[in-house]
Amino acid sequence: MDKVDFIVNELRLARERAGRSLTSIAGALNIGEDWLAAVEDGKVRPSFDLVYALAECAGIDFAEIINRAKQVEGADIELARSISAEDDGAGNLTLKFQYNDHKAIYKLENARLSDYKKLLANLRVMTYDNKVSKTEFVIKSFFKAMELWPHANPSDIWGFVLSRLYQDPYNHPVTEQNRDFAQSWKRTSGWVLEEIFVRHYKDFLKSHNIEIGIYPKSQVKAQLDRMKLNYHDVQEKADVLLIDTTTSECFGVVHVKASLAERRQADQSFSEALLAKNYFSPFLTMDCKSFPSATPINKGELGPVKTKAADPRINKRLDFEEEGYFSGCFSYNSNTIPTPANQKATARVYRMDFRNPDDAFSQAAITARDRLYS
């Protein structure tokens with residue numbers, strides 16, 4: 001219990017001693033009773049003005065409560081943040097954040113608080129630099145996190161850590177205090193994820209005469225027109241193009257999604273049109289999927305694999321391994337179970353990371369290009 005929790009508890013006790021119900025207090029303050037209940041239950045962190053108003057309604061001196069809180073040993077005030085961190089004493093970093101109704105804890109193994117502070121310092125320098133956009137802010141922060149913790153699950157860094165750091169208003173200038181950072185994250189993160197993959201693979205693929213990139217609409221249209229695909233509105237679904245630099249021809253389109261649930265159906269139809277013409281059509285995803293709990297686990301959505309004894313595979317995995325709607329699924333979630341090496345599959349599921357761009361995706365891209373132009 002920190003000092004804020006202590007103050008809230010004192011206010012509740014004072015209210016009960018005064019014989020005031022939540023209904024009467026809510027009526028006096030002209031706010032919803034559910035808000036007061038959430039404050040007393042510790043689900044909502046009260047603002048300073050609300051604490052002061054509750055003290056007056058309960059008939060208790062505000063200064064008296066503050067003085068009592070000062071005398072509580074071992075109860076420091078914790079600034080309400082979207083995410084906070086502390087060393088666990090065993091060489092790991094404990095991250096704390098609100099996950100719906102849960103005060104969640106996520107353990108980042110073999111990480112130190114000093115590393116977390118480096119990430120925050122790097123992040124704040126960018127937010128106060130007018131030359132750095134919100135997208136660049138997220139991109140550089142992600143790569144900094146992967147530099148500090150190369151062993152970490154990239155999907156966890158994206159879904160548990162970076163998204164919450166971005167949504168913490170204290171990580172942005174005070175001039176943006178009224179911005180809805182949750183909505184801003186939704187708008188920013190989609191394009192950012194595409195750019196993260198492009199920057200990760202760009203130099204390595206360039207050394208193999210392949211250019212990966214996000215291009216102007218006019219250039220995308222020109223490339224796709226030459227591919228003569230039997231699909232309408234292809235330009236809107238061409239996230240990232242792969243171009244053979246020796247012929248200047250596009251030989252593949254990369255489909256990028258934070259999760260498998262994110263508007264995949266339209267990409268699937270577009271992918272079928274690409275595959276029908278023997279083009280490369282990989283699906284790259286962070287495969288973020290967890291459920292609110294005190295200790296959330298980002299299991300992803302691809303589920304179990306087929307075994308000799310049973311086939312418990314779910315449709316999202318079958319879409320790749322049996323239906324072959326894409327050239328392959330490259331999941332950057334360390335909890336993803338890849339397609340077993342001895343299993344026949346129309347397209348495979350791969351477990352990926354950001355340690356080395358010379359990996360299954362880049363090798364698949366090189367093979368696909370060589371198959372078309374060698």
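Scanning the range 152-197 for residues that are more than 17 Å from residue 117 (Cα to Cα), part of a loop (DSSP other than H, G, I, E, B) and either in contact (Cβ under 8 Å) with a residue 12 or more places away in the chain or touching a Ser or Thr at 6+ places or on another chain (Cβ under 6 Å) (or both) gives 153, 173. Checked against (1) on the phi < 0 side of the Ramachandran plot; (2) surrounded by 16 or more Cβ atoms within 10 Å (Cβ to Cβ), residue 287 meets all criteria but (1).
Restricting to the range 187-227, and then to whatever is farther than 22 Å from residue 362 by Cβ and surrounded by 12 or more Cβ atoms within 10 Å (Cβ to Cβ), can you tell me which residue is nearest to the chain's Cα centre (by Cα)?
If we take residues in the range 187-227 being farther than 22 Å from residue 362 by Cβ and surrounded by 12 or more Cβ atoms within 10 Å (Cβ to Cβ), then 189 is nearest to the chain's Cα centre (by Cα).
The test for being out of contact with any strand residue (DSSP E or B) (no Cβ under 9 Å at 6 or more places or on another chain), of a type in the set (D, E, K, R), within 28 Å of residue 370 (Cα to Cα) and free of Cβ contacts under 8 Å to residues at least 24 places away in the same chain does not hold for residue 203. When you check residue 320 against the structure, is it at pLDDT 95 or above, touching a Pro at 6+ places or on another chain (Cβ under 7 Å), surrounded by 17 or more Cβ atoms within 10 Å (Cβ to Cβ) and of a type outside the set (Gly, Ala, Ser), yes or no? Spelling it out, it is not the case that residue 320 is at pLDDT 95 or above, touching a Pro at 6+ places or on another chain (Cβ under 7 Å), surrounded by 17 or more Cβ atoms within 10 Å (Cβ to Cβ) and of a type outside the set (Gly, Ala, Ser). Taken as a whole, the structure leaves residue 307 outside the set of residues that are of a type in the set (Ser, Thr, Tyr) and surrounded by 15 or more Cβ atoms within 10 Å (Cβ to Cβ). Just wondering, is there one or more residues in the range 113-120 that are part of a strand (DSSP E or B), in contact with a strand residue (DSSP E or B) (Cβ under 7 Å, 6 or more places away or on another chain) and not assigned by TED's automatic domain parsing to the domain that holds residue 13? No - not one qualifying residue is present in the range 113-120.
Considered as a group, the residues in the range 1-21 that are buried (at least 17 other Cβ atoms within 10 Å of the Cβ) and not charged (D, E, K, R) include one that is modelled with the lowest pLDDT, and that residue is 4.
The values are calculated or read from the model by the stated rules, or taken from the named source; none is laboratory data. This structure is a prediction, so every number in the text was calculated from the model and none was measured. Neighbour counts run over all protein chains shown; Cβ positions are idealised from the backbone, glycine included.
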